[in-house]
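The values are calculated or read from the model by the stated rules, or taken from the named source; none is laboratory data. Predicted model only: the values in this text are computed from it and were never measured. Heads up, the Cβs are rebuilt from the backbone with ideal geometry, glycines too, and the neighbour counts pull from every protein chain shown. These area figures cover heavy atoms from the full protein model, side chains too; ligands, DNA and RNA do not enter into them. Shrake-Rupley method; radii C 1.70, N 1.55, O 1.52, S 1.80 Å.
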Amino acid sequence: MLTNLTNLTPEDAEETIQSVNSFFTTLNLQKILTIVLLFVGCMVVMKVVLKLVDRAFVRLEMEQSLHTFIHAALRVILWLMTLCIVLDYMGVPMTSLVALLGVIGLAVSLAIQGTLSNLAGGIQVLLSKPFKAGDYVEAGGVSGTVKEVGLAYTKLATVDNKVISVPNGQISAEKIINYTTAERRRVDLVFGVSYDAQPEQVIACIKGVVGAHPMALFTPEPFVRLSAFQDSSIEYTVRVWCATGDYWELYYDLLEQIKAAFDREGIEIPYNHLNVHVIQDEKA
């Protein structure tokens, strides 16, 4: 394909120049009017096509960034078609013109390969809509609130108020985690408790804290069970559903309030330790 595009012989170039010279040599009022009419007709068609496309995009509720990009790209294509029509009337061979445009397009695409990759990723993101402005996501190795979804970059605001522009090519090539799409999220916690505490007492204590919290949801029912035996403690798994916007507040509240409840009930949260028993030899 590259060979075909670059196969512009001197004969083709000479033929093109002769055609243009011949056209201007025989230029008269009729040809000028014909060129003007062709140009005006193409402009009218261009405006009609762009207006119809814009109306279709509005009905489809397409993202504004994608709408703007497609509108601009379509305008460029229509201008190129207008140029080809006028040059064809002037006698310029279309094969030479198309080959020349192909070479120019190939050179430009190689020069801006990274940008084109980001544009393709941006179109994919805008069409698939994995997130929107205001969502808290993890994308392209960055976590933050989506501020703006552009064609080349997506801007994310981190929790410490930094705005990071992530290339859309990177986002479309990796997994995307959206934390705010669903209305509810589940808080998962694990507590290590001393072997001396009775499981019934620990479970009742945790359920009492969860049941008293106004942000905890009870459909599905909160889950509190003994889940593992470790070297120095028994683990209890706690799973509580809440509204997505209440996730972090409930998460930290449960950590603080369950610890306070353990202290009141005398339930110990042990640190890792090793008990060493020394057996004295009676003969010694």
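What to note about this one:
- 3J(HN,Hα) along the range 249-262, derived from phi through the Karplus expression 6.51 cos²θ - 1.76 cosθ + 1.60 where θ = phi - 60°, amounts to 5, 5, 4, 6, 4, 5, 4, 6, 6, 5, 4, 5, 5, 4 Hz, with x in place of Gly and Pro.
- With a 1.4 Å probe rolled over the protein heavy atoms of all chains, the accessible area of Phe229, Phe223 falls in the order Phe229, Phe223, largest first.
- Under 5 Å from the amide H of Gly150 lie the amide H atoms of Lys155, each residue being 5 or more positions distant or on a separate chain, with H modelled from the backbone and absent for Pro and chain starts.
- About its Cα centre, the dipole of the range 107-229 is roughly 320 debye, where the only charges are +1 on Lys and Arg Cβ and -1 on Asp and Glu Cβ.
- Report note on the peptides 164-173, 72-81: ranked by the mean count of other C-beta atoms within 10 Å, highest first, their order is 164-173, 72-81.
- Estimated dipole of the range 114-184 in Debye, rounded to 20 [Cβ of Lys and Arg +1, of Asp and Glu -1, Cα centre]: 80
- Within-14-Å neighbourhood charge of Ala204 [Cβ basis; K, R +1; D, E -1]: +1
- For the residue pairs Lys51/Lys129; Lys51/Lys147; Lys207/Lys259; Lys129/Lys155; Lys132/Lys175, the C-alpha atoms sit more than 18 angstrom apart in Lys51/Lys129; Lys51/Lys147.
- Between Ile77 and Gln201, full extension at 0.36 nm per residue minus the direct alpha carbon distance yields a gain of 37.3 nm.
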